[in-house]
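The values are calculated or read from the model by the stated rules, or taken from the named source; none is laboratory data. All of these numbers come straight from a predicted model, not from anything done at the bench. Glycine also receives a Cβ, built like all others from the backbone with ideal geometry; neighbour counts cover every protein chain displayed.
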Amino acid sequence: RKVIATRLAAREALEEANSQLERRIAERTADLRASNERLKGQIRERRHAEQTLRHAQDELVQAGKLAAIGQMSTSIAHELNQPLAALRTLSGNTVRFLERGALETASTNLRTMNDLIDRMGRITASLRSFARRGDDGGQASLAKAVEATLQVLANRISACHLQLHHLFDDQQLAIDQTRLEQILVNLIGNALDAMASQPLPELWLEGELQGDKYRLRVRDNGHGIDAEARKHLFEPFFTTKPGEHGLGLGLTLSASLAAAAKGSLNVEHPATGGTAFVLVLPLVCAPNESAELS
Ligand code: ADP
């Protein structure tokens, strides 16, 4: 009987321990579930805060761009008023020439008017594409942007037998793809203009990591930039190109696009001649982060 009693006591003790364990497990599970819910809630809040922040940043970038256009408004008005005044005079004259039957002169005037209208159209088109609300949180592949740019400029590049040095790696940069292409078309287009009378034109695209940014140097062996022009390069409507060739908006808008992506655009004048534009843009992933991911 004693043995049975001991066994019974042991079984009861075991059952008690068992049910205590189950109670504890149930409590812990409830605790874990609750903290899981809390974590989920926190994640939701963080996501929401990030979205609000990104939205606020986009608004800031947009406001910055509009402010830049605001600052340019006097020069824009001037640039548009000049051809408008010319159009007014030309159209008045053309009416008179037509009345007199001087068709040849009238048609020359009309062609000049067409050119002026095209120029005004190009000015408003570049401003419009700059002011457009792009994807400010976008990302771009550098190699793809260079490829697209070279395609856009393919005719000019093959006509001058350009020697091109690709000295950069493909990187994911924190800027909208089209905007990066716009900047590169401006920089490489300018380099081609500067090398127009260079018998052996060469262009170097040199990339380098710089902390959490990437630095791309677009260097040419063109005619370089004289001391006076260096002071005005980034001013809207500054151009040294004759006639219809230059609008003087390329560098101003490119620098603003780079700044809107938290990067920069600067110029260097290498001692060996030519010109180098240095475009610095943030990487999508800082280099150590991407190393951890891979
Ligand atoms: P645009 O090309 O319409 O003149 P930009 O703002 O792109 O307007 O350039 C302004 C001026 O800067 C050009 O007219 C030219 O004088 C000078 N420039 C730009 N890039 C170069 C370059 N790579 N080499 C020499 N001069 C340049």
Practice problem: Check the range 206-214 and report whether any residue there is buried (at least 21 other Cβ atoms within 10 Å of the Cβ) and modelled with pLDDT of 95 or more. | Solution: yes
Practice problem: Kindly establish whether Leu184 is of a type in the set (A, V, I, L, M) and in contact with a strand residue (DSSP E or B) (Cβ under 8 Å, 6 or more places away or on another chain). | Solution: yes
Practice problem: Kindly state which helices (runs of 4 or more DSSP H) lie completely within the range 98-177 and contain at least 1 residues that are small (Gly, Ala, Ser) and without any contact (Cβ under 8 Å) to a residue 12 or more places away in the chain. | Solution: 103-131, 154-159
Self-check item: Residue in the range 191-204 that is under 14 Å from Leu265 (Cα atoms) and surrounded by 20 or more Cβ atoms within 10 Å (Cβ to Cβ) present
Solution: no
Practice problem: Being of a type in the set (Lys, Arg) and free of Cβ contacts under 8 Å to residues at least 40 places away in the same chain is the filter here, so list the residues in the range 37-66 that pass it. | Solution: Arg38, Lys40, Arg44, Arg46, Arg47
Exercise. Mind counting the residues in the range 241-271 that are near the ligand (Cβ under 7 Å from one of its atoms), surrounded by 16 or more Cβ atoms within 10 Å (Cβ to Cβ) and assigned to a loop (DSSP other than H, G, I, E, B)?
Key: 3
Self-check item: Residue that is farthest from the ligand (Cβ to nearest atom) [pool: residues in the range 217-231 that are surrounded by 15 or more Cβ atoms within 10 Å (Cβ to Cβ) and under 24 Å from the mean Cα position of the chain (by Cα)]
Solution: Arg217
Practice problem: Please name all residue pairs, on different chains or six or more residues apart, with Cβ atoms under 8 Å, provided the first residue is in the range 240-260 and is within 17 Å of Thr178 (Cβ to Cβ) and at pLDDT 85 or above and the second residue is among the polar types (S, T, N, Q) and near the ligand (Cβ under 6 Å from one of its atoms). | Solution: Gly250/Asn186; Gly250/Asn190; Leu253/Asn186; Ser254/Asn186
Quiz prompt | Checking Phe238 against (1) within 15 Å of the ligand (Cβ to nearest atom); (2) surrounded by 20 or more Cβ atoms within 10 Å (Cβ to Cβ); (3) hydrophobic (A, V, I, L, M, F, W, C), the condition it does not meet | solution = (2)
Quiz prompt | Odd one out for Gln182 among (1) touching a residue at least 12 places away in the same chain (Cβ under 8 Å); (2) more than 15 Å from the ligand (Cβ to nearest atom) | solution = (2)
